[in-house]
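Working notes, beginning with the structure itself.
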Amino acid sequence: MEIHNITEDIVLRTVNDIFDAAEKEASADKPCTCFQCRLDTACYVLNRTSPRYVVSSRGVARAESETIERQQAEADVISLAYEGMQRIAKSKRPHFDHDSSLREKPAAEGPWFNIPTIIGRVFNGGNFEPMSEIEVSLLRGSSTAEMIDANWQNPYRLVANTAGTFSFWPKPEAAGGVGETRKFDFAVVARAPGFEELRHFFEIPVASEAVAALSFSMQRTFKLPDLYLFPPGEEEDD
Ligand SMILES: [Zn+2]
């Protein structure tokens with residue numbers, strides 16, 4: 001049984017639609033539509049909306065049914081998403097390049113395993129506040145996972161205004177043929193002074209594709225469960 005937040009689905013979908021539409025605009029002052037600005041906007045909206053939880057196996061289809069209440073909620077999400085997009089555009093992250101055209105195209109021919117963007121959040125397990133100013137790393141096996149380009153940091157530094165959200169986009173890996181499936185083993189490691197080190201292990205099954213995916217898509221994301229850091233437990237006596 002898994003608990004699922006429907007608001008999150010609606011917010012991610014709405015933010016992505018609005019940014020996709022903005023990306024096609026010809027106007028000179030259109031906002032930045034890079035992945036990080038999309039994610040920052042999604043956080044902006046999520047911090048201003050109420051979560052709606054369902055048990056994922058049964059609730060999703062039922063909750064998706066149209067109701068007046070839901071239409072109102074979606075309208076609120078849309079106006080918050082526009083507001084968020086404008087604010088984020090005015091306060092771009094200084095360390096981030098915002099330019100995906102700098103992305104290096106893989107030189108070799110495909111096929112490729114396009115590993116999805118990995119998104120998660122880290123909280124203080126003592127007070128449930130999002131963590132900030134700490135480093136989160138992504139390991140592939142026992143070594144630091146290589147990112148798709150220099151815009152993507154690993155380790156990732158959590159900043160204060162993004163609700164404990166971190167993201168990684170691992171580099172595509174060469175595959176033998178199209179339609180091959182492979183499981184990729186990863187671990188997220190979070191360290192903070194005064195807390196026990198957290199290691200979250202997971203695997204992502206990926207089917208190979210003919211071309212490398214080089215532009216970000218919300219459909220190609222892998223969402224981790226929320227992670228919690230705790231102070232070291234009492235030492236047990238021998
Ligand atoms: Zn941007």
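The values are calculated or read from the model by the stated rules, or taken from the named source; none is laboratory data. Remember, it's a predicted structure, so these values are computed and weren't measured experimentally. Quick reminder, even Gly has a Cβ in these numbers, built from the backbone with ideal geometry, and neighbours come from all protein chains shown. Accessible surface is based on the protein model in full, side chains and every heavy atom, while ligands, DNA and RNA are left aside. Shrake-Rupley method; radii C 1.70, N 1.55, O 1.52, S 1.80 Å.
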Cross-link reach list, lysines versus LYS90, counting only Cα pairs under 24 Å and skipping chain neighbours closer than eight places: LYS24, LYS30
Can you figure out the FRET efficiency of GLN72 with ASN47, using R₀ = 30 Å and their beta-carbon distance, to the nearest 0.05? 0.95
Counting only protein heavy atoms and using a 1.4 Å probe, what share of the accessible area of segment 104-229 belongs to carbon plus sulfur, as a whole percent? 51
Could you size up the charge dipole of segment 104-229 around its Cα centre, putting +1 on the beta carbon of Lys and Arg and -1 on that of Asp and Glu, and report it in debye to the nearest 20? 120
Considering only C-alpha atoms, what is the centroid distance from segment 193-208 to segment 1-29, in Å? 26
So what's segment 104-229 giving for Cα Rg divided by 2.2 N^0.38 Å, two decimals? 1.11
Sequence gap at least 6, Cα distance under 8 Å: using those rules, report the relative contact order of segment 104-229 to the nearest whole percent. 39
